[in-house]
1. What about residue 96, is it of a type in the set (A, V, I, L, M), surrounded by 15 or more Cβ atoms within 10 Å (Cβ to Cβ) and farther than 22 Å from residue 60 by Cβ?
2. Quick one: how many residues across the range 69-87 are more than 23 Å from residue 134 (Cβ to Cβ) and open to solvent by 20 Å² or more (accessible area, probe 1.4 Å)?
3. Pull out all pairs, ordered by first then second residue, where Cβ-Cβ is under 7 Å, the residues are six or more apart or on different chains, the first lies in the range 217-231 and is more than 16 Å from the ligand (Cβ to nearest atom), and the second is in a loop (DSSP other than H, G, I, E, B) and open to solvent by 30 Å² or more (accessible area, probe 1.4 Å).
4. Checking residue 90 against (1) more than 16 Å from the ligand (Cβ to nearest atom); (2) aromatic (Phe, Trp, Tyr); (3) in contact (Cβ under 8 Å) with a residue 40 or more places away in the chain, which test does it fail?
5. Hey, could you check the range 177-197 for residues that are under 16 Å from residue 249 (Cα atoms) and in contact with a helix residue (DSSP H, G or I) (Cβ under 8 Å, 6 or more places away or on another chain) and say which is surrounded by the fewest Cβ atoms within 10 Å (Cβ to Cβ)?
6. Please tell me if residue 11 is under 24 Å from residue 237 (Cβ atoms), open to solvent by less than 10 Å² (accessible area, probe 1.4 Å) and not aromatic (Phe, Trp, Tyr).
7. Can you run down the residue pairs with Cβ atoms below 7 Å, 6 or more apart or on separate chains, where the first is in the range 38-53 and more than 30 Å from residue 125 (Cα to Cα) and the partner is away from the ligand (no atom under 13 Å from the Cβ) and aromatic (Phe, Trp, Tyr)?
8. Read through the list (1) in contact with a Lys or Arg (Cβ under 8 Å, 6 or more places away or on another chain); (2) more than 24 Å from residue 265 (Cα to Cα); (3) of a type outside the set (Gly, Ala, Ser), then give the number of the only condition that residue 102 fails.
Amino acid sequence: MKSEKVITVFDTHAHLDSEEFNEDRELLISRLLCEHEVAGRRVFVSGVLIPGTDLLSSYSCVEISLCSSNFYAAVGIHPNSDMGAIDSDWLKIEKLAERDEVVAIGETGLDRYRNITPMEQQVEVFCRHIDLSIRLCKPILIHCRDAWEDILPILRKSRGLTGVIHSFNGTSEQAREMIDRGFYISFAGQVTYLNEKFAELHEVVKTIPEDRLLIETDSPYLLPHPFRGKLKRNEPSYVIKVAERLSELRGESLEQISQSTTKNAQNLVKKL
Ligand SMILES: [Zn+2]
C-alpha cells in the first residue's frame, strides 16, 4: 500500500482556459483546491500557473486566476496562434500584463514543428514578449519546439531576461546555457514516457540543479504515463506523475522533489 502522506505540488503550466475544460471547469477548480487522490496517492496542488495563448485566452487566464490565491495568470500570444489581429491584440496584452494578478509573460516562443505562422513573424512577436518581460520585470514563459537554433541567438542578445523554458525537450547543453542565463527548466509528461526517443531527455533531467527545476502538466495536453492513451485530458494534479519520474531519475525522494519544485515555482510567481 502506498503512503498516506500528502504530497504538495505546483503545476507551472496548465491551460485551464482551454475548451477541454469548458464542461466541468468549476468542478475541476473546486477539486484542485482540496487535497485529493491521484492513482492511490494523496496530492495537494498548492499552485497552478495558467498561461495565455492569445488575447481572449489571456483574459480568461486572468479571470480564472481570480478564483483562488493558488492560481496565477500569465498573458501572451502562442507562436501557433492566429496572428491576424496582432497589432491591436498586442496593445491589449501589454495593458493586461501590467495588472498585479499577472505574474508572467507568455506563453510565447518559436515553433518550427507545427510551423503555422511564418518564422519571421514568430520572431517579431516573440521579441515583443521579451521587451515586455524585461520592462515589467515579470518572467517569460518560453515554448521552443524544433527551434533552438533560432531562439538561442535571440536570447543571447536579451540581457536581463529570465523565466522558464516550458515542457523542456532539448539537450543538456541547451539546458545548461539556459540555466546560466538564469532560467528555470520545466519538465512535463515527456519525462514519464518510456520510449527510446526520450532516453536523452531522461539524462538531461539528472543534470539540472535542484534550484532550477520545475514541473508542469501542459494540461490538457501531454498526459503522463500511465494515463496516456487511457484518459481524455491532462489535469494539474497529474503533475505528481512527473514528480515521481523526476524522483526516480534523479534518485531523490518524492518529498524532496515536491518541496524543491514547489519552492522554485513560488519564487517564480512571487508578485512584485
Ligand atoms: Zn502551453
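The values are calculated or read from the model by the stated rules, or taken from the named source; none is laboratory data. Keep in mind the model is a prediction, meaning the values are calculated, not measured. Glycine gets a Cβ as well: all are built from the backbone with ideal geometry, and neighbour counts include every protein chain shown. Please note that ligands, DNA and RNA were not included when accessible areas were found on the heavy atoms of the full protein model with its side chains. Shrake-Rupley method; radii C 1.70, N 1.55, O 1.52, S 1.80 Å.
1. So residue 96 does not fit the description; no.
2. Of the residues in the range 69-87, 6 are more than 23 Å from residue 134 (Cβ to Cβ) and open to solvent by 20 Å² or more (accessible area, probe 1.4 Å).
3. What qualifies is 225/194.
4. Result: residue 90 fails condition (3) only.
5. 190
6. yes
7. 38/238; 46/10
8. (2)
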